[in-house]
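Trainee: Pasting a structure here, questions to come.
All of the numbers you see were taken from the coordinates with simple rules; none came from a lab. No experiment lies behind these values; they were computed from the predicted model shown. Backbone-built Cβ (ideal geometry, glycine too); neighbour counts: all protein chains shown.
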Amino acid sequence: MHPTLLNLAIIAYVVATGLSLAYLVQREEWIHRVASLATVAGWVLHTIALLARGLELGRPPLGTLPEAVSVAVWVIVLLALWAERQYGVKVLGAFVLPVVLMFSVKSASSRVLPGLEPALSGAWLWVHIGLALVGIAAFVLNFAGAVMYLLQERQVRAKRPGNLYYRLPALETLDRLTYRTLALGFPFLTTGILLGLLWAGRAWGSVFTFDPLAVLSFVAWAIYAATLAGRAAAGWRGRRAAYCAIAGFAALLLTLGAGLFLPGRHGG
Amino acid sequence: MPLFVAGLSHKNAPIELRERLAVDEDKLRELLRDVAATGAVGEALILSTCNRVEVYGVAPVPGEARTAAFRHLCQHRGVSLGLVEPLLYTHVETEAIRHAFRVTASLDSMMIGEPQILGQVKDAFALAQACETIGPSLHTLFTQAFAVAKKVRTETEIARHAVSVSFAAVELAKKIFAGLAGKAVLLVGAGKMGELAARHLVEQGAFPVYVVNRTWARAQEMARALSGTAVPWDELETALGGVDIVITSTGAPEPVITRAAVQRVTHGRRARPLFFIDIAVPRDVEEGVDGLGDVYRYDIDDLKQVVDANIRERLREAQRAEGLVERETAKFLLRLRDVEVIPTIVSLRERLEEIRAGEVRKTLARLPDASMETRQAIDALSSAIVNKILHAPISKLRESSRAGAHRSWLELVHELFGLRRGS
């Protein structure tokens, strides 16, 4: 990454996260406006940093997992900005930005850039990583939507409206947000994984070897597949769908954690 | 002349007195004319609602104006002034401005954020305008008060959350469903509150409406009133299967909707949310239905609890609104002071321009052979001198007005430059 620009972007994300959390407690419109501004500023800086890095490397900045996570953050922020306007969920930032921050700090602190194996090149690889990342970004929003759904459901059921009750949108809106993001993320993740398998078969001769990231990504994929099937065929909604979204995201986090910390083909 | 407001409100005067002092529009007109005729006030506006009677005005001695106004009012209403006088509050200048802003923005209302007061102040203003008792001071004050009230309504949520049970039910529905358009409503029973809640839902786009009642004729009547469809009592359970919101308000001693019945219909609903608004006492919907997934049930006590929370939310928002009013009052004071110094600045300029033009004319008359260039140069020179001289006193006046100490400076400038009073 381009260090200075990236650091500036992270600072902007930190500011945006802080303000978004403050907006949960203190409903002053200016806080929300400044938080949005900081988010957009961070995203623009991030875009420039990624472009600069790509030019410097002469390849997409997706070669190592920290690089890939940084790109994932970039997609998440873009999707969050869209979803906030689309669904009118002004408090979305408070639920998405902490995840963004966690990821971007992680990716920025892993500065070691090992040389790529000769096997790790070619357009298919970039497509594999890129698609998987868009899928992951959609699932971060899916997760945020599910958390908001469960919080709001509790408020409505408890019959004691608290601070959040007034700020969170309708249950149906949140349910739609989780459904839409699931429907968006799933095909990306599926194609991403399939391409990974095909490409691994060509590069290493074996489609599947025991790689922690690959195994865990199948687990996450299976959870999301089951949720999508349940929603589409059995009319799952609401709480059940929200729990599934959280389980899927936990698997996804483990996947990324495995990629970042355990040795394997994806290790970086 | 200072701005003032004098009167009494629900905060300090009992309803028995307020109702005796309330006046209708014709009387108000008469009263305004009488008060203006006493000469004690320069401008006047009378606000008379069931929660307050107040006189806003501009008067050299606010205390006298207040007594004059309330003496007339008490005479009109046959109330002894001695009874009213001790309850009257009087606010002058800054406090009067703040009070006008707070009242108009519904921060001083019995139910904070209630929307009627703005209309009532506007009516009082229109009436005073018709009686020609509004001058520049009250005009600026109330135009600004209306703007502040609007700002408070849009920037805070003091009027956002429902404080009546039937509106609270509608708001709850909006926290469950993304929108009420196209949501099917079932009204069980013919209670007034139930009908009101159904009406609110229909106003928000809920459609279609089904009505169930033990008395078929009553069901049909209510269905007609709500542009809905009457459904026979035996088909209540079938109807439950196809709707989103159920309002119950029957007089039945036992629950008419049981957990078992709801459980039977949930299978066919595929997790579509079902919201019960139970306004009946004794309750119509069995408590156990809550435990079923995607079923929400609120009884009258739950709704009251929501209303209480909404009121607390309004009070919290009112704190923010108070801050906003405070800032607006300060801004308005600055503007008012600017308004006070501007006439003096204008007449000072006019006075010096008059002198300059006269002297230039005299000089040029003595120089008949002067070229066009010379004439222009003389003119420009004199203008430059005047502007240089004016710069310091004008800046000083503006500065002193911002600091609130302009009165003595205004006097001084008038004396020094021999300006006419009141111009």
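Trainee: So if I restrict to the alpha-carbon atoms in the range B:3-157, what is the Rg, and what is Dmax, the biggest pairwise distance, in Å?
Mentor: Computed over the Cα atoms of the range B:3-157, radius of gyration and Dmax are 14.3, 43 Å.
Trainee: Would you mind giving the three semi-axes, in whole Å and largest first, of the ellipsoid equivalent to the protein assembly as shown according to its Cα gyration tensor? Numbers along the way, then the final one.
Mentor: Working: eigenvalues 801, 426, 62 Å².
They are 63, 46, 18 Å, listed from largest to smallest.
Trainee: Through the Karplus equation 6.51 cos²θ - 1.76 cosθ + 1.60, θ set to phi - 60°, convert the phi angles of the range B:387-404 into ³J(HN,Hα) values in whole Hz; use x for Gly and Pro.
Mentor: Going residue by residue, I get 4, 4, 5, 5, 3, 5, x, 5, 4, 4, 4, 4, 4, 5, 5, 5, 7, x Hz, with x marking Gly and Pro.
Trainee: Further question: Once every DSSP H run of n ≥ 4 in chain B is given -39500 (n - 2.57) and the sum is divided by its residues, what mean residue ellipticity at 222 nm do you get, rounded to the nearest 500 deg cm²/dmol?
Mentor: Numbers: 15 runs with 247 residues, N = 423.
Helix-only estimate at 222 nm: -19500 deg cm²/dmol.
Trainee: Starting at the first residue of the range B:361-376, write each ³J(HN,Hα) from the Karplus equation 6.51 cos²θ - 1.76 cosθ + 1.60 with θ = phi - 60°, in whole Hz, x for Gly and Pro.
Mentor: Per residue, the Karplus-derived 3J(HN,Hα) values read 4, 4, 4, 5, 5, 7, 10, x, 8, 4, 6, 4, 4, 4, 4, 5 Hz.
Trainee: Then there's this: Output wanted: per-residue J couplings in Hz (rounded whole) for the range B:298-303, from phi through Karplus 6.51 cos²θ - 1.76 cosθ + 1.60, θ = phi - 60°, x for Gly and Pro.
Mentor: Those phi angles translate into 10, 9, 4, 5, 4, 5 Hz.
Trainee: What is the extension gain from B:Arg264 to B:Ala225, computed as 0.36 nm multiplied by their sequence separation minus the C-alpha to C-alpha distance, in nm to one decimal?
Mentor: Working: separation 39, 0.36 × 39 = 14.04 nm, distance 3.08 nm.
Taking B:Arg264 through B:Ala225 to full extension adds about 11.0 nm, to one decimal.
Trainee: If you take the beta carbon distance between A:Val14 and B:Ala217 as r and set R0 to 45 Å, what does 1/(1 + (r/R0)^6) give as a FRET efficiency, to the nearest 0.05? Could the numbers behind the result be given before it?
Mentor: Numbers: r = 68 Å, r/R0 = 1.50.
Step by step, r from the Cβ atoms, then E = 0.10.
Trainee: Can I ask one more? Which FRET efficiency, nearest 0.05, do A:Arg59 and B:Glu203 yield, Cβ-Cβ r, R0 51 Å? Display every interim value, and only then the final one.
Mentor: Working: r = 60 Å, r/R0 = 1.17.
Rounded to the nearest 0.05, the efficiency is 0.30.
Trainee: Looking at the range B:344-414, what % of the alpha carbon pairs are farther apart than 18 Å? Kindly include the intermediate steps, with their values, before the conclusion.
Mentor: Working: 1210 of 2485 pairs.
Value for the range B:344-414 (Cα pairs over 18 Å): 49 percent.
Trainee: What per residue convex hull volume, in Å³, comes out for the range B:228-340 when only alpha-carbon positions are used?
Mentor: Working: hull volume 20.6 nm³, N = 113.
Dividing the Cα hull volume of the range B:228-340 by its residue count gives 182 Å³.
Trainee: Next question, about the same structure. Hull surface divided by four, with the convex hull built on the Cα atoms of the range B:8-99: how many nm²?
Mentor: On the way: hull surface 21.6 nm².
Mean projected area of the Cα convex hull: 5.4 nm².
Trainee: May I have the pair-distance distribution P(r) for the range A:15-73, computed from all Cα-Cα distances with 5 Å bins from 0 and rounded to whole percent?
Mentor: 4, 19, 20, 16, 12, 12, 10, 6, 2, 0
Trainee: Pull out a ≥ b ≥ c, the square roots of the eigenvalues of the alpha-carbon gyration tensor of the range B:194-242, then state rounded if a/c is under 1.5, prolate if not and a/b is larger than b/c, and oblate in the remaining case. The partial results should precede the final answer.
Mentor: Numbers: a/c = 2.23, a/b = 1.35, b/c = 1.65.
Because a/c hits 1.5 or more and a/b fails to exceed b/c, the range B:194-242 counts as oblate.
Trainee: Looking at the square roots a ≥ b ≥ c of the eigenvalues of the Cα gyration tensor of the range B:258-316, which shape do they give, rounded for a/c under 1.5, prolate if a/b is larger than b/c, or oblate?
Mentor: On the way: a/c = 3.91, a/b = 1.90, b/c = 2.05.
Here the range B:258-316 falls in the oblate category.
Trainee: Per residue, how big is the convex hull of chain B when only Cα atoms are used? Give it in Å³.
Mentor: Working: hull volume 95.8 nm³, N = 423.
Convex hull of Cα atoms, per residue: 227 Å³.
Trainee: Only helical DSSP H runs with n ≥ 4 go in: add -39500 (n - 2.57) per run for chain A, normalise by residue count and round the 222 nm mean residue ellipticity to 500 deg cm²/dmol.
Mentor: Values: 9 runs with 215 residues, N = 268.
Dividing the helical sum by the residues of chain A leaves -28500 deg cm²/dmol.
Trainee: State which entries of B:Lys150/B:Lys331; B:Lys151/B:Lys331; B:Lys362/B:Lys396; A:Lys159/B:Lys183 exceed 20 angstrom in Cα-Cα distance in the structure shown. Don't skip to the answer; put the middle values down first.
Mentor: Working: B:Lys150/B:Lys331 16 Å; B:Lys151/B:Lys331 14 Å; B:Lys362/B:Lys396 32 Å; A:Lys159/B:Lys183 22 Å.
Among B:Lys150/B:Lys331; B:Lys151/B:Lys331; B:Lys362/B:Lys396; A:Lys159/B:Lys183, the Cα-Cα distance tops 20 Å for B:Lys362/B:Lys396; A:Lys159/B:Lys183.
Trainee: Under a point-charge model restricted to the Cβ atoms of Lys and Arg (+1) and Asp and Glu (-1), what is the dipole moment magnitude of the range B:165-309 relative to its Cα centre, in debye to the nearest 20? Provide the component values of the computation, followed by the final result.
Mentor: On the way: 16 positive and 19 negative charges, 84 e Å.
In total the dipole reaches around 400 debye.
Trainee: Next up: Starting from the Cα coordinates of the range B:158-214, work out the convex hull volume and express it per residue in Å³. Each step should come with its number before you reach the end.
Mentor: Working: hull volume 4.2 nm³, N = 57.
Considering the Cα atoms of the range B:158-214, their hull volume per residue is 74 Å³.
Trainee: Hey, got a sec? Which trypsin sites (Lys or Arg not before Pro) in the range B:112-197 land in a DSSP loop and have at most 14 other Cβ atoms within 10 Å? Numbers along the way, then the final one.
Mentor: Details: sites: B:Lys122, B:Lys150, B:Lys151, B:Arg153, B:Arg160, B:Lys174, B:Lys175, B:Lys183, B:Lys192; in loops: B:Arg160, B:Lys183.
Of the trypsin sites (Lys or Arg not before Pro), the ones in loops of the range B:112-197 whose Cβ has at most 14 other Cβ atoms within 10 Å are B:Arg160.
Trainee: For the range B:220-271, restrict the atom set to alpha-carbon positions and state the Rg and Dmax in Å.
Mentor: Spelled out, the Cα radius of gyration and Dmax of the range B:220-271 are 12.2, 33 Å.
Trainee: Let me ask something else. Taking every residue in A:159-168, how many Cβ atoms of other protein chains lie within 10 Å of its Cβ, on average?
Mentor: Values: counts 12, 5, 13, 1, 2, 0, 6, 10, 0, 1.
Shielding by partners across A:159-168 averages 5.
Trainee: For B:Glu19 and B:Ile311, what does the FRET efficiency come to when R0 = 30 Å and r is the distance between their Cβ atoms, rounded to the nearest 0.05? Before the final figure, lay out the partial values.
Mentor: Values: r = 25 Å, r/R0 = 0.84.
The formula returns an efficiency of 0.75 here.
Trainee: Give me the orientation-averaged projected area of the Cα convex hull of the range B:155-289, in nm², one decimal.
Mentor: Values: hull surface 33.8 nm².
Taking a quarter of the hull surface, the average projection is 8.4 nm².
Trainee: Oh, and also: For B:Arg77 paired with A:Ala52, estimate the spin-label separation in nm (one decimal), with each label point 7 Å from Cα along the Cα-to-Cβ line.
Mentor: So the two model labels end up 7.3 nm from each other.
Trainee: In addition: Please say if the range B:281-382 is rounded, prolate or oblate, where rounded means a/c under 1.5 for a ≥ b ≥ c the square roots of the C-alpha gyration tensor eigenvalues, and otherwise the choice is prolate for a/b larger than b/c and oblate otherwise?
Mentor: Details: a/c = 9.05, a/b = 5.39, b/c = 1.68.
In terms of gyration-tensor shape, prolate.
Trainee: Report the relative contact order of chain B, percent, no decimals, based on alpha-carbon pairs under 8 angstrom and at least 6 residues apart. Mind dumping the intermediate values first?
Mentor: Working: 616 pairs, mean separation 50.4, N = 423.
Relative CO of chain B lands at 12 percent.
Trainee: When the expected Rg is taken as 2.2 N^0.38 Å, what fraction or multiple of it is the alpha-carbon Rg of the range B:100-212? Let's see the in-between values first.
Mentor: On the way: Rg = 19.3 Å, N = 113, 2.2 N^0.38 = 13.3 Å.
That ratio works out to 1.45.
Trainee: Using the basic label-point model (7 angstrom from Cα toward the beta carbon), what is the B:Glu237 to A:Ala22 distance in nanometres?
Mentor: That separation, rounded to one decimal, is 5.8 nm.
Trainee: Normalised by the number of residues in chain A, what is the relative contact order in percent for Cα pairs under 8 Å and 6+ residues apart? Walk me through the numbers before you get to the answer.
Mentor: Details: 358 pairs, mean separation 51.9, N = 268.
RCO, chain A: 19 percent.
Trainee: Here is a follow-up. Give me the log10 of I(q) over I(0) for chain A at q = 0.10, 0.11 Å⁻¹, as the Debye formula computes it from C-alpha points; what are the numbers?
Mentor: Debye curve over Cα of chain A, log10 I(q)/I(0) at q = 0.10, 0.11 Å⁻¹: -0.52, -0.62.
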